[in-house]
Each structure stands twice: as structure tokens, then as C-alpha cells.
Amino acid sequence: MQKKYVIGVDGGTESLRAGVFDLLGNPLAFASVTYPTNFPVPGWAEQNPEDWWNALGGAVRQAVIDAKVGKQEILGLCLDTTCCSVVVLDGAGNPLRPALIWMDMRSAPQTEQVLATGDPALQVNSNGNGPVSAEWMIPKSLWIHQNEPEIFRNAETVCEFQDYLNLHLTGKRVASINNVSVRWHYGPGWGGWASSMVENLGMPGLLKKWPDTVLRLGEEIGGLTPNAAAHLDLQEGLPVLQGGADAFIGMIGLGVVDPGSLAFITGSSHLHLGLSSQAFHGQGIWGTYADAVIPGLHVVEGGQTSTGSVVSWIRRTLGNPSYEELNQEAAQLEPGSEGVIIQEHFQGNRTPHTDPLSRGVISGLTLKHGRGHLFRASLEGIAFGTELILETMRNNGFAAETVVLAGGATRSNLWLQIHADVSNLPLTLTKVPDAPALGTAILAAVGSGAFSDIGSAARKMVQIDRVIEPNSETHGLYQPFYQSYRDHYLAMKNARSGL
């Protein structure tokens, strides 16, 4: 029987989701299994890696059953996971402590030590100006080294969620070029691993604890071991292909595989990931990360900390009216919400200011304004924040030509149009909203031989749903409000300095 299906797995913060796809990118079935997060101390967040393994088995088994396909029809399997969920393992691959997942901020003091090294690898952190995120691999490793020295000493392997699952699937200790490029300070400009940084931090032994091999996306790691095949109820030896961090694999699932294209992933926060043919570093951006998604191309990163979460806060504060009502009221207003401007920094700013102390602002209120104004101003303020990121990217050498959008914003036609008008760019939407899972399916198809490369696979398996065209006249109307939004940050920073 011809093999014609692939399995894509998306390991998230709260659950792991597996999907079975055909080679046109159509999902046949999805299944998910949840797992708990523990918060032992404020700012800490831990998970049990064995819960991930159990979730993987349960989700894959159920997805294959629901898809009604035979095990012999499956070409391969690939998974993405959250990035910076750091695991320490003994020689048998068993965890020595719970994983420090991506949102664990305990290593904030260690980030200052990392930045103080002045290492060339820090170029990816706003051209060496920082800050370094407490989410990343080296600060978390340094925290374990300094606070749990016996565990660090006994660790055979220090790796990520992604690497832990792949180790147990194949018996191979490997890392993804994606994870290590975007969050481990790995790069060709300093010879691969950030060796001098790790040595200057007093933990040269970490280099031997990291995985032995770095693989490109879609490369074969190995076949399912007998134990893994039984756990997933799949064929022994089924190829397991290399994936990476969820949002970056989502770029592939959105068809963002060419220079000048940008993945715009929306939700509680916004993430902006562009592909450039040139390497560059600059103030107010993260990256570029070499070869992190497509060989020979460079990823530039921007992000907004609070976006959809601000919209939800506005709705709750207004007494929880329906989004339909709020969208209708907001749509009746002219661009600019009659002078109401919202700075969306409710949880600080990620880029371009990278200021965790920045806060949200609502300005321009009068007694005439109502809930429609506040709701529209929140959508516009978030769009202004996105445009500021795109402007910062342009100023550093990257101009997005194609923007493909996924996530929560797709549920509001008004918000989509505001984003398109503010940035004066068309927004492309795809048919499969679960971009990370589709991205892993594409990588599974490439690595198992169905396609020659990621680009050709994405062009076949990612299907366009619609395009939101910008209104150039409306874009012009937004300009004075956008300039006012830009001025808000410095004004509020100066005001904070006096507190």
C-alpha cells in the first residue's frame, strides 16, 4: 500500500497535539492530551518531562485512530515544541529535576551575567545591547549550575523539550538548528556554539552536556525504537524528522519560506518572524538567526508582549459584552477612534524598546467617548505597535513584502483590516489555522522523501484562503495617530523616571 500520510506534532505549554495530514496539507484528524504546570515559587514554572512523553503517546495513537489510516501508510513523524523548556537528564535519559519551561523567569539575575560577557554571540540580542531573556538556554543552565550544582554535575545531558522527546523516540541525542540558533546563541559567526561565552560564565562542562549533533529542519534523526513504536502504536523504524520551536515551525506552516516574507502570529501576544537573504543585527530587533528555518536564509524577530490579552482586558472591563457587539460599534467609527490612543504595553514592551517596565496608556478620553472607542483604540494601538516593529525592521534592512497571518486576530475582520491599513500591507490568510502542526507535517514530508525541499513542500501543502488588501487612503488617515502613538512611549518613560 502506498504511503501517503505524515504525522505532525505540536508540543505546547498546556497540551500536546498530534495531527495526521495528507500530502496536500489537509488535516485528517487531530488529538490532544493536556499536562499540568507547577508554579513552586512566584516567577517559576515547571513541568514533568515524563508527562510530555505520555501525552505524545496518547495524542498520536488517538489521531491515527481518528484519521482511519493504517500504520503502514504513514511516511514519517516530526514534532515542534515550546522553545527554552530546559531539561537535565541522567545517562539513561531520565530527568534529574522538573523542566524549567519557557515562562520560568528564575534566571533573570543570570541574564545580567550573560550580557556582561560582551560575547560576539550577543549580536542577536539587539546588536549586543541586550537585554538577554531569562527564557533562553544559557541563563537557565547558569541558574542550575549556580543553585543546584550537584544536579548540574550529575547531568549527562542538558537539552530542551524537543530534544528530550526525540531522544526517547530514536535513542539519538540531537538538537535542532532552529532551537539552538534562536535561543542558545549558536551561530556561524562565532564558530557554532557560544563556547567563549559559556567558558567565561564558568561552566565549560555545559558544552559536553549539550546534544552531540545539530540537525537542519527536516533531516532524519533516526527510526522509532521498538519501545517508542509500541508507545505510539506505529511501525518500528518509522522515520523521525527534525523539527524545532513552535512559532518558527509555524512559519513553514504559513508558507513563509522565501526572502522578504514574514509570518505574523497573533494571539495573547503577537510575534513577527521575517526571512532575509542577508544577515544583519540592529537595535530594537532580535536576530538575525542564520539557517534557523531555511538553509542560507536569516530570521529576524520582533514581538509584542500583550495584544489579544489587552483586547480581552478591555472587554472584561466593559462588562463582557460580546465581541460581535464591540466589533459592530467600533466599525462605525472613523480611523483614529476620535482621538483615543492606547499604548498596548500592559505587560511591558518586547520590541523595539525591550522595556519590561513600560506600561499601558489610554489617552485622549473625553465624555463623548464610549466602549466602541475603547475597543477600536485597543485594536488600533496593537496595530500601531506592529507597524513600529515593521518600521524598525525596515530601518535595519528588512522590508516585509509578503505578510502571512494566523491566530486570534483572524476571527475579527475589523482587526484584520485595521492591521492591513495601518501598515499598508496585504495580509494573507491560509486554510489550515494550526500552522505549527502543518509545519511539522511539511518537514515530515520533506524528510521522508515526498518532496525535495521545504520550499517546494510548503508551496504544495500550504493553501491560501484569502487576502486582506489595505486601503491606502485609510493608511494616510492613520498617520497622525500613529505618530502620536510613537511619541507616547518616550513621554511615559520620562514620566516614570520621576516616580
Part of a helix (DSSP H, G or I), closer than 21 Å to Gln123 by Cβ and of a type outside the set (D, E, K, R) - does that describe any residue in the range 231-242? no
Out of all the residues in the range 112-126, which are part of a loop (DSSP other than H, G, I, E, B) and either at pLDDT below 90 or crowded, with 20+ Cβ neighbours inside 10 Å (or both)? Asp119, Ser126
Please find, within the range 207-244, the residue that is farthest from Asn54 (Cα to Cα) out of those that are among the acidic types (Asp, Glu) and either out of contact with any Lys or Arg (no Cβ under 7 Å at 6 or more places or on another chain) or outside the structural domain of Ala18 (by TED's automatic domain parsing) (or both). Glu219
For the range 1-48: of the residues being of a type in the set (D, E, K, R) and under 21 Å from Asp246 (Cβ atoms), which is farthest from the chain's Cα centre (by Cα)? Glu46
Can you go through Thr402, Thr386 and tell me which one is modelled with pLDDT of 95 or more, within 23 Å of the chain's Cα centre (by Cα), closer than 23 Å to Gly476 by Cα and among the hydroxyl-bearing types (Ser, Thr, Tyr)? Thr386
Here is a list: Gly191, Gly223, Gly187. Which entry is crowded, with 21+ Cβ neighbours inside 10 Å and not aromatic (Phe, Trp, Tyr)? Gly187
Please work out if Leu142 is hydrophobic (A, V, I, L, M, F, W, C) and within 13 Å of Gly202 (Cα to Cα). yes
Give the number of residues within the range 110-134 that are out of contact with any helix residue (DSSP H, G or I) (no Cβ under 8 Å at 6 or more places or on another chain) and either within 20 Å of Trp44 (Cα to Cα) or in the same structural domain as Met393 (by TED's automatic domain parsing) (or both). 1
Within the range 297-314, restricting attention to residues that are part of a helix (DSSP H, G or I) and either aliphatic (A, V, I, L, M) or at pLDDT 95 or above (or both), which residue is nearest to Leu367 (Cα to Cα)? Ile314
Only one residue in Leu142, Leu167 is part of a helix (DSSP H, G or I), hydrophobic (A, V, I, L, M, F, W, C) and either modelled with pLDDT under 95 or more than 30 Å from Pro239 (Cβ to Cβ) (or both), so which one is that? Leu142
Within the range 315-355, considering residues that are in a loop (DSSP other than H, G, I, E, B) and without any contact (Cβ under 8 Å) to a residue 12 or more places away in the chain, the one farthest from Thr386 (Cα to Cα): Gly319
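The values are calculated or read from the model by the stated rules, or taken from the named source; none is laboratory data. On a predicted model such as this, the values are computed, not experimentally measured, just so you know. Cβ: placed from backbone, ideal geometry, glycine included. Neighbour counts: every protein chain shown.
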